[in-house]
Amino acid sequence: MRDSMRAHPSVILEGTLRGLVFGFVFSTIFTRAMGAMYSLAITALVTVLFTAVSALIWRKTEYIFDDSELHVARRTIFARDVRVQYSRLASVNINRSLINRLTGTATLMFNVNSTVNPMMAEAKLCLREDLAEALRNELSSVIFHKEVTVEEDLQVETLANVSNAEIVMHGFLSQSTLQLLFGTAMLAYSILQLVYNDGRGIILPLIMFILSEAYPVARIILKYFNYRIYRVGDTVTVESGLFTTYRSSFRIGKVNSVRIRQPLVARVLGMATLEAEVIGIAGQEKMPLLCPLKPKAEVDSLLGKLLPEFDIPVDEVHEPRSALFPTSVSALASAAASVIGILALLFIMGKYDLSYMDELACYAVLAGLAGFAAAMLVRAVLLHRNRAIMLGEDILVMDLGGYDTSREYFLYDKVQIAGTRAGPASRRRGLSRCRIGMISATGKRSVVSGIFDDAVSSRVQDIVMDRIRDGRYDYRRYQRFAAWRSTPCRGPSGP
């Protein structure tokens, strides 16, 4: 059976709006001196051009649903031909932007088990909302082996009760300590420039604050508003969004690792987030969020209910006391290199003379450098205190981080490379780090443990190989299909 369809015409409206925004920005920046009429003309011309291109792409793009694959054929000047096997689909997600809401449509996002371009879907298709839901239901029954419809999914109780106030707190406190400090410093500097320097020099720090702090926080809050998560069989579904709604589903067999993360401020408050690294699914956060910032006990409880496959008790092995010396040496070396680099930069900026700096500025620079060096040494102590490794029968657990900490759970069967590494200070003491590599949703990913005895660090490599030799590793556990559905998948006809 072969069904062919074209996207909903509302995609042309999206192109028109993109052209309007681009044309306005372009005319404002480059034609300011020409007057308002020229700016309006340039904006109109760019908008018409974007609209024409969008209409051409819409008219020349065909979505063909065969018995076993989705075929996207674009017959424009720059032709595109994409074939997506149903058996390789990791998920078929539904996003609803503001334009989708206004036009009564929804956008299907087809993600495959690929790391070539995981930040974007391999194919997108905008349809009327009812047709998009029907097509997603049919494809999901193939991908996840379940006959539960979206409407029935919506009735499933969420496993984590997350209020929108908690989402706002998550937006501010879930970011790394370094990002939080940088954004705060840029905001403070902007305020000082405004108060004491009549606003001169405020533009650059204000832009840096917006890019590093304000925009990421706003994006996270808008994306995760109305958050809910649930599991049906071996399929986990995450729904969220204020203006644009997101619904993503993935099978447990596609989860590479799970991470409980605690930035410094959140850790002081006893809170944590739960994230997962899933093949075929990624976003701007790179790891799907399974639980926004909540008390640590609730996050641990959610892990047991949502992913009991990873919630396995294992014995902890903390870094030996002898590991503190190589950690401190590394921290001192990093601090010294940073201090020398900053002093050299100041020296070059002053054209080989630091006399341009007044006494107060010199003291401020020296105090800042001393504080940085002290922070690096404190981080070394925290790293030594926090780092641990746990070797279970099926999973490997690592505690990592200094100021910001995380606990990561890895499946041995997802590890592609396992080995050890050691510097001169570690090697002389019979110590080394465990390094594992895996294919992740964002490409190749490597994780390095703390510093442990060689026998502990090399044990991971032995376990991975032993599982292959004795048959405990079974690739069929992670195949996309254990059995193929007898009836073919067919898409509805018409937009």
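Values quoted throughout were computed directly from the atomic coordinates according to the rules given, and no laboratory measurement underlies them. Since the structure is predicted, the reported quantities are computational estimates derived from the model, not experimental observations. Cβ sites come from the backbone with ideal geometry, for glycine too, and all protein chains shown count toward neighbours.
Couple of notes before you dig in:
- Remark: segment 272-345 projects, on average over all directions, an area of 9.1 nm² (convex hull of Cα atoms).
- Spin-label pair SER4-ARG321: with each label point 7 Å from Cα along the Cα-Cβ axis, the two points sit 7.7 nm from one another.
- Qualifying GluC sites (Glu not before Pro) in segment 241-314, where qualification requires a DSSP coil assignment and no more than 10 other C-beta atoms within 10 Å, are lacking entirely.
- For segment 46-97, applying the loop criterion from DSSP together with a ceiling of 16 other beta carbons within 10 Å to the chymotrypsin sites (Phe, Trp or Tyr not before Pro) yields PHE78.
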